[in-house]
Amino acid sequence: MEKRQPAGVPTPKMGRNGIPVSKPKDMKKTIKRLWGYISADKIKLGIVIVCVIIATAFNLAASYMVRPIVNMLGSEGASLGKLKSYLLVMLIVYVIARFTQFLQFRLMVGISQKASQKLRDDLFAKVEELPLRFFDNNNHGDIMSRFTNDVDVVSDMLGNTAVQLISGVITLVGTFSLMVYVNAPLAFITVIMLPVFVLGVKAVTKKSRVYYKKQQAALGALNGYVEESISGQRVIKVFNHEEQAIEDFEKLNDDYRHKMVNAQFYGGIMGPVMGHLGLTNYTLTACIGGLLCIFFGFDIGGYTVFLNYSRQFSRPINEIGMQVNTIFSAMAGAERVFTVMDEEPEPKDVENAISDVPLKGYVRLENVDFGYIPEKLVLKNISLYAKPGQKIAFVGSTGAGKTTITNLLNRFYDINSGKIYIDDVEIKNYKMDFLRSNIAMVLQDTHLFTGSIYDNIRYGRLEATDEEVIEAAKAANADSFIRRLEHGYDTIIDGDGANLSQGQRQLLNIARAAISKAPILVLDEATSSVDTRTERHIEEALDRLMSDKTTFVIAHRLSTVRNANAIMVLEKGEIIERGDHDDLIAQKGRYYELYQGIVDLD
């Protein structure tokens, strides 16, 4: 069952784009695993690194070209020809720098998107291997966010942040090296200011990350409330809850505004802070550099270049500080993806598992114990027998274990002890996909996929022909309403069948079960959410479907199981009564009380 966060309650897990903003737990291991996704393009990565180095070096070289130009213009040998030559060289250097920047960006986008595609493919493949237990215990929205938010932020980091970080480091080292080369004593001022720059970046980054985390938590709460309100709009209107809904939304929206103001303020203050520190460094450099020019013969060209380097020295520090936070967030997102990939998959089939014998549908449970948590049993000592053509019904209070029994038949969960047989073979000795292909299920909550009605019915057996689909629809009493649709069987269903009634969706669900030709049928509250007239249509279809199958029925409406061959009354995970309707009524036990309404099923 999906666990939902109450509206208005922020979740501390949420961070940038819905992923944690905290540091990753094992960054080294995460980087190693991510490297596996981009290492296939090692040649392109090498070209990218070379391009980054060339682009950074040539940008710095172009800036240094100002020195000989200024010195030439201030000398007696100044001429237009020399100026043109210098400017032409500078232009060539800038063109090479820009071309390599374009090339590195183009290659890195391709590398990052290819890695993201592979990451999503692997994640989806893993999800398809996971047992039902995983989906019962994890929020579905959180699982989906790993495909979108988490993978996207990893992709952004690979495509932009990593390159910018490398470029920033090279620019910083290159700029400082050239400053030392131009005038080492003057570069000492920058050495003194460097700790101030680092402390400034660290302080602002730490503060902004705290407020950004609060902003994203408030955004998560706001988005959750909007989603809940839109999906529950019918209920809001029925109970005249519009004004309260508006009031609740305004409170959440106002909370988000307050947190966003702080987050954006501290997030945007980095530029002014670094600009102020850079200006301080620039001012000190200009003053002392001017004195060096006057009293120690420092050349004007070198002075000009040094001032330019001093002005831009704070920029890579600022960029590196911003990129580090992004990398931490991306690594945390990658860890969330890898956490799913590291989940235990469904148990593998045993060696020589059976998959090529026709099953008849004889089902036997012997002394079965089961608990979702091993030490807390949900089913205790369950034994029963069913054969083809029989209808076995399970009744009892909510939580008695009725649905759990059918989940065990499909091996959605494995039993703690006891044995389950189909045709005198333990179900663990069948291949998992073969076992499930021989058990058709009609649940209370139908699920239809985007596609035509043909496609949705054929989901029960993909190789079925159109003629078989139509026959299954007729057997399910669905053919008449399908033909009344504008495009008949070619009608496209989307939004989980929002354009169909609940009864129509259920009839398609029955048709899907019918076309599977499975010898075992499980009906879990199949008619509980439809009107009486539709219920008759569904029951007629089910009667045809059950005629030669071993059928297990879970029902709250006891009138629907009166004709069952055997009724199992469960209470607290144990079968306390069994027999047909007349036998159980005569016993005047628990079933009698439930049937007469003396006690409630809930």
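The values are calculated or read from the model by the stated rules, or taken from the named source; none is laboratory data. Given the structure is predicted, the values throughout are model-derived calculations rather than measurements. Backbone-built Cβ (ideal geometry, glycine too); neighbour counts: all protein chains shown. For accessibility, only protein heavy atoms count, side chains too; no ligands or nucleic acids. Shrake-Rupley method; radii C 1.70, N 1.55, O 1.52, S 1.80 Å.
Values computed for the structure shown
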| read-out | value |
| --- | --- |
| Hits in segment 376-407 (condition: open to solvent by 50 Å² or more (accessible area, probe 1.4 Å), part of a strand (DSSP E or B) and closer than 20 Å to Ile439 by Cα) | Tyr385 |
| Unique match (being farther than 30 Å from Ile373 by Cα, among the hydrophobic types (A, V, I, L, M, F, W, C) and in contact with a Phe, Trp or Tyr (Cβ under 7 Å, 6 or more places away or on another chain)) among Ile38, Ile54, Ile96, Ile92 | Ile96 |
| Filtered residue count, segment 284-299, keeping only those that are of a type outside the set (A, V, I, L, M), in a helix (DSSP H, G or I) and exposed (fewer than 12 other Cβ atoms within 10 Å of the Cβ) | 3 |
| Residue count, segment 300-311 (criterion: open to solvent by 10 Å² or more (accessible area, probe 1.4 Å) and either touching a Gly at 6+ places or on another chain (Cβ under 8 Å) or among the aliphatic types (A, V, I, L, M) (or both)) | 4 |
| Close pairs from segment 378-394: first more than 14 Å from Lys360 (Cα to Cα), partner assigned to a loop (DSSP other than H, G, I, E, B) and open to solvent by 10 Å² or more (accessible area, probe 1.4 Å), Cβ under 6 Å, at least 6 apart | Lys391/Asn565 |
| Whichever residue in segment 475-493 is in a loop (DSSP other than H, G, I, E, B) and either farther than 22 Å from Leu523 by Cα or of a type in the set (Val, Ile, Thr) (or both) and, among such residues, is most open to solvent (accessible area, probe 1.4 Å) | Glu486 |
| The one condition in (1) part of a strand (DSSP E or B); (2) open to solvent by less than 50 Å² (accessible area, probe 1.4 Å); (3) among the charged types (D, E, K, R) that Lys419 fails to fulfil | (2) |
| In segment 359-375, the residues that are touching a strand residue (DSSP E or B) at 6+ places or on another chain (Cβ under 8 Å) and open to solvent by 20 Å² or more (accessible area, probe 1.4 Å) | Leu359, Tyr362, Arg364, Glu366, Asn367, Asp369 |
| First in segment 497-513 and closer than 18 Å to Ile470 by Cβ, second anywhere and open to solvent by 50 Å² or more (accessible area, probe 1.4 Å) and among the basic types (Lys, Arg), Cβ under 6 Å, 6 or more apart | none |
| Top-ranked residue of segment 318-352 - restricted to ones that are surrounded by fewer than 17 Cβ atoms within 10 Å (Cβ to Cβ) and polar (S, T, N, Q), ranked as farthest from the chain's Cα centre (by Cα) | Asn352 |
| Residues satisfying the stated conditions in segment 171-205, i.e. under 30 Å from Phe102 (Cβ atoms), open to solvent by 20 Å² or more (accessible area, probe 1.4 Å) and either under 35 Å from the mean Cα position of the chain (by Cα) or of a type in the set (S, T, N, Q) (or both) | Ser177 |
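To keep it simple, each residue is scored yes or no on (1) open to solvent by less than 20 Å² (accessible area, probe 1.4 Å); (2) in contact with a helix residue (DSSP H, G or I) (Cβ under 7 Å, 6 or more places away or on another chain); (3) farther than 21 Å from Ile520 by Cβ; (4) assigned to a loop (DSSP other than H, G, I, E, B).
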| site | (1), (2), (3), (4) |
| --- | --- |
| Tyr413 | yes, yes, no, yes |
| Leu435 | yes, yes, no, no |
| Ala440 | yes, yes, no, no |
| His447 | no, no, no, yes |
| Asn456 | yes, yes, yes, no |
| Ala464 | yes, yes, no, yes |
| Glu467 | no, no, yes, no |
| Ala473 | yes, yes, yes, no |
